[in-house]
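Take a look at the structure set out below.
Just so you know, all these numbers are worked out from the coordinates, no wet-lab data involved. Being a predicted model, the structure only gives us computed values, none of them experimental. Virtual Cβ from ideal backbone geometry, glycine too; neighbours counted across all protein chains shown.
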Amino acid sequence: MPRKATSYKKHPVSAEYKYNSIKIAKFINYIMERGKKSVASGIVYDAFDLIEEKTKADPKTIFEQAIRNVSPIVEVKGRRIGGANYQVPMEVQEPRKTSLGMKWIIEAARSKKGRPMAQKLADELIEAHNKTGAAIKKREDVHKMAEANKAFAHFARFQRR
């Protein structure tokens, strides 16, 4: 049975005050745990200060370039066709692209051990900006998976009924 379209409106995220950026506000929301937004924004702003200190460049541009570098172009989605499950490569649309990039950077920073989160986040953002690091590796793995399953790309055009 097909799913019904939901009739709710997405809550718009307002730009944060320091850099006046909606992307950074969303990033803060992804880092936030248990509703502690002030802790999350403190981590992000500390990380941005460390980035500015290390690179002598604008942290906002480094952040945006890092997100662009990590964001995937294609991903695989499971499709059930004729009793078999196929991993079908599909192009990633824009809002999902940036949110995946942000989540992968945060995940990579959290997986590092032994340092404060702001420092780990700053290092991961700098690495993503330079196209190295764990988040970039995650993107490469997703692209390799899509490349390996390119033979099933013709299943992407079939829509569920």
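Give me Leu121, Leu100 sorted ascending by neighbouring Cβ count inside 10 Å, so fewest comes first. Spell out each step's value before the answer.
On the way: Leu121 26, Leu100 20.
Listing Leu121, Leu100 from fewest to most nearby Cβ atoms yields Leu100, Leu121.
Debye calculation, C-alpha points only, no solvent: report log10 I(q)/I(0) for segment 1-156 at q = 0.19 Å⁻¹, in the same order as the q values.
Rounded to two decimals, the profile gives -1.15.
Contact order normalised by length for the chain, with contacts defined as Cα pairs under 8 Å and 6 or more residues apart; what percent is it?
Details: 190 pairs, mean separation 39.2, N = 161.
Computed over the chain, the figure is 24 percent.
Just rank Arg110, Arg157, Arg139, Arg80, fewest to most, by other beta-carbon atoms within 10 angstrom. Intermediate results must be reported in sequence, preceding the final value.
Numbers: Arg110 13, Arg157 7, Arg139 21, Arg80 10.
Ordered by Cβ neighbours within 10 Å, fewest first: Arg157, Arg80, Arg110, Arg139.
Can you compute 3J(HN,Hα) from phi for each residue in segment 140-151, using the Karplus curve 6.51 cos²θ - 1.76 cosθ + 1.60 with θ = phi - 60°, rounded to whole Hz and x for Gly and Pro?
4, 4, 5, 5, 5, 4, 5, 5, 5, 9, 4, 4
Read phi for every residue in segment 47-60 and hand back ³J(HN,Hα) as whole Hz from Karplus 6.51 cos²θ - 1.76 cosθ + 1.60, θ = phi - 60°, with x for Gly and Pro.
Running phi through 6.51 cos²θ - 1.76 cosθ + 1.60 with θ = phi - 60° gives 4, 5, 5, 5, 4, 4, 5, 6, 9, 6, 10, 5, x, 5 Hz.
If you average the alpha carbon positions of segment 111-126 and of segment 1-72, how far apart do those two centres end up, in angstrom?
Here the answer is 16 Å between Cα centres.
Lys77's amide H: which non-local residues (gap 5+, or another chain) put their own amide H closer than 5 Å, with H modeled 1.01 Å from N in plane and none for Pro or chain starts?
Counting only residues 5 or more places away or on other chains, the set is Val88, Met90.
For a footprinting-style exposure proxy, rank Ile105, Ile81, Ile24 by other Cβ within 10 Å, fewest first. Each step should come with its number before you reach the end.
Numbers: Ile105 29, Ile81 11, Ile24 24.
The order, fewest Cβ neighbours first, is Ile81, Ile24, Ile105.
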